[in-house]
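I have placed the structure first, in the form of structure tokens, so that the comments after it can refer back to it.
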Amino acid sequence: AFKDFHYWFSYHPLYAGGKFTYPFLTDFISGILMRAGVSLKQSFVFPSIILIFVLLIGLYFLFYLLTESKKLSVISVFIFFLSAGLGFVGYIKDLLHNPSFSYLIYPLKEIGRYDIYQWYASNMAVGLLVPQRAFLMGTALGVWAIVGVLYVILKNNELSKSVKIRILIIAGILAGILPIAHAHSFIAVVMITGFLCLFNYKKWRILSFYVLIAGIISSILSLTFIWGGIENGFFASWNPGYTAKGNLFNWLGMWILLWGITLPMAVYGLYFCRREIGRSRWAVYIAGFTLFIIGNLFLIQPIAWDNSKIFWWAYIIFSAPVSLVLGKIWSGRNFSLKLIAVALFIVLTFTGFIELARLVQTGKHEFMMTSADDIKLGLEIREKTDPLAVFLTSPSHNHFVMVWGLRQILLGYTAWVWNFGFDYNSRELDMKKMFLGGLETNDLIKKYKISYVVIGSTEIHDLNANENYFNSNFNTAFQNNNYRIYDTKVVWQDLNL
């Protein structure tokens, strides 16, 4: 939004000098809108509104291709967007123990969150679609890529060759750009469309239009923006059982808690309708279970919660056979069967309904990310410093120098830096040494070419920053009531003259 083009991909925001590997497409769109004069808030909101409608329509068509029923397609969409586990059980217990209208409409905690399993939201919208906009774009584009391939395969005899080619080229473009939109969605789409192509290998001539387009685009984007950015070796790690500790029963208990009756209903639905599904739909379902198995055997990234992005893709696929079960039960003539179908739907969606009802009450969970005073200081930094200047700050995920000053920080929030694949341990030690203001400080400032050192309450309390050292040896470049920023370029700048 605010930098010249040649600075856009110069460094990773959380790791000065690191390769820019973050899937940036969603932020790119918002940035371009801001350059065009759209406000910051609307630049975030408008793309999300459009993408959610794109996703809704795409999910409906995907579920229709899988279930061949308009009603079940709608039910599947509700099952997915109200996705959650058994958190409502604890919510009801708390409500009965301490009945109040305020708790009824707004639980004090996220009822589907289970920190013991590193599972931070049981509803997909609460956990990913809203807070992680890249996931929204990835699922929206990915679902339509799958719809395109599946539609051509299922309607092969009804479509002309030119129509099939156009659909597959569009699907290939959508799948191909996923590496810069959302990495986990790219993995899921490769898996699902890969199984579709494998199960329909006899149609390889027409499917090659999709495979070649997706392969070429994704390869170019991956080599340009992703390859070479990971420093700490192979990303994925063997981690059987995901975050469940103990035996098989502990693992089953975890998934019953996280997803309730979804998994057993999906398995039962596929078994019950096994003769009606057909080869291509089986390919999609097998891919969904394969994704679920992979997520339970490997950590795709170091932070376990990020596997949820793979699991929710599996949940998309599972939603269709779950709705098939509900449809079969509902179609029974006995009224009690209809009550059972309604009860099962409530069990599947009640936690998600509560979590979404809590989410939309934004006035009750607003948090200040940056004070007005610090925003003003960040804008001053943006205006008066070199676009590639490196700042030494505390390792914060939302430090105002990075967010509002738009400048490199030596090291950001270490869990995220680790998750992006950077080998940050030695840099973290050097950062702590520099703040101490000892004999090694100037040598390390030269090593990393630190232009400015930022000292505030976090740097003092968490990193023992020796402000007397910096105040005695360097000029104060910027300051406000919360921070003092010292100009340290003199340490290394003369070496380059």
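The values are calculated or read from the model by the stated rules, or taken from the named source; none is laboratory data. The shown structure was predicted, so the numbers you read here are calculated from the model rather than taken from an experiment. Positions of Cβ are generated from backbone atoms using ideal geometry, with glycine treated the same way; all protein chains shown enter the neighbour counts. Note: areas computed on protein heavy atoms with side chains; ligands, DNA, RNA excluded. Shrake-Rupley method; radii C 1.70, N 1.55, O 1.52, S 1.80 Å.
Screening the range 325-428 for helices (runs of 4 or more DSSP H) wholly inside it with 1 or more residues that are closer than 25 Å to Thr488 by Cβ and among the acidic types (Asp, Glu) returns the ranges 372-384. None of Tyr424, Tyr483 is aromatic (Phe, Trp, Tyr), touching a residue at least 40 places away in the same chain (Cβ under 8 Å) and either closer than 26 Å to Met368 by Cβ or open to solvent by 70 Å² or more (accessible area, probe 1.4 Å) (or both) except Tyr483.
Say whether the condition of being open to solvent by 10 Å² or more (accessible area, probe 1.4 Å) and touching a His at 6+ places or on another chain (Cβ under 6 Å) is met by at least one residue in the range 394-413. Checked the range 394-413: at least one residue is open to solvent by 10 Å² or more (accessible area, probe 1.4 Å) and touching a His at 6+ places or on another chain (Cβ under 6 Å). Condition test on Phe78, is it more than 18 Å from Tyr315 (Cα to Cα) and either not in a helix (DSSP H, G or I) or not β-branched (Val, Ile, Thr) (or both)? So Phe78 does not fit the description; no. Just give me the residues in the range 12-29 being farther than 26 Å from Ser48 by Cα and under 21 Å from the mean Cα position of the chain (by Cα), in sequence order. Selection gives Tyr15, Gly18, Lys19.
Taking the criterion of being open to solvent by 50 Å² or more (accessible area, probe 1.4 Å) and of a type in the set (S, T, N, Q), the only residue of the range 352-387 that qualifies is Thr362.
From the set of residues in the range 148-205 that are in contact (Cβ under 8 Å) with a residue 24 or more places away in the chain and basic (Lys, Arg), which is least open to solvent (accessible area, probe 1.4 Å)? Checked the range 148-205; the qualifying residue least open to solvent (accessible area, probe 1.4 Å) is Lys164. From the list Ile303, Ile316, Ile286, Ile310, exactly one residue is open to solvent by 10 Å² or more (accessible area, probe 1.4 Å), closer than 24 Å to Leu55 by Cβ and hydrophobic (A, V, I, L, M, F, W, C). Which is it? The conditions single out Ile286.
Residues that are among the charged types (D, E, K, R), at least 3 per element: which helices (runs of 4 or more DSSP H) completely within the range 218-298 meet that? Working first, answer last.
Details: elements: 248-259, 262-272, 274-277, 279-297.
Because the criterion is at least 3 residues that are among the charged types (D, E, K, R), the helices (runs of 4 or more DSSP H) in the range 218-298 that meet it are 274-277.
If you go through the range 19-40 and pick out every residue that is in contact with a Pro (Cβ under 8 Å, 6 or more places away or on another chain) and at pLDDT 95 or above, you end up with 4. Looking across the range 27-73, the residues that are aliphatic (A, V, I, L, M), surrounded by 16 or more Cβ atoms within 10 Å (Cβ to Cβ) and closer than 20 Å to Gly352 by Cβ come down to Leu51, Ile52, Leu55, Leu59, Leu62, Leu72.
Return the only residue of Gly112, Gly85 being touching a Leu at 6+ places or on another chain (Cβ under 7 Å), buried (at least 16 other Cβ atoms within 10 Å of the Cβ), in contact (Cβ under 8 Å) with a residue 40 or more places away in the chain and not aliphatic (A, V, I, L, M).
So the residue among Gly112, Gly85 that is touching a Leu at 6+ places or on another chain (Cβ under 7 Å), buried (at least 16 other Cβ atoms within 10 Å of the Cβ), in contact (Cβ under 8 Å) with a residue 40 or more places away in the chain and not aliphatic (A, V, I, L, M) is Gly85.
Restricting the search to the range 1-12, which residues are in contact with a Gly (Cβ under 7 Å, 6 or more places away or on another chain) and either assigned to a loop (DSSP other than H, G, I, E, B) or loosely packed, with under 14 Cβ neighbours inside 10 Å (or both)? Quick ask: steps written out before the conclusion?
So in the range 1-12, the residues in contact with a Gly (Cβ under 7 Å, 6 or more places away or on another chain) come out as 1, 11-12.
Ala1, Tyr11 - these are the residues of the range 1-12 that are in contact with a Gly (Cβ under 7 Å, 6 or more places away or on another chain) and either assigned to a loop (DSSP other than H, G, I, E, B) or loosely packed, with under 14 Cβ neighbours inside 10 Å (or both).
Of the candidates Glu467, Glu440, Glu380, the single residue that is farther than 30 Å from Asp306 by Cα and within 33 Å of the chain's Cα centre (by Cα) is Glu380. For beta carbons closer than 6 Å, sequence separation of 6+ or different chains, a first residue in the range 299-311 that is touching a residue at least 24 places away in the same chain (Cβ under 8 Å) and among the polar types (S, T, N, Q) and a second that is open to solvent by 10 Å² or more (accessible area, probe 1.4 Å) and in a loop (DSSP other than H, G, I, E, B), the qualifying pairs are Asn307/Ile300.
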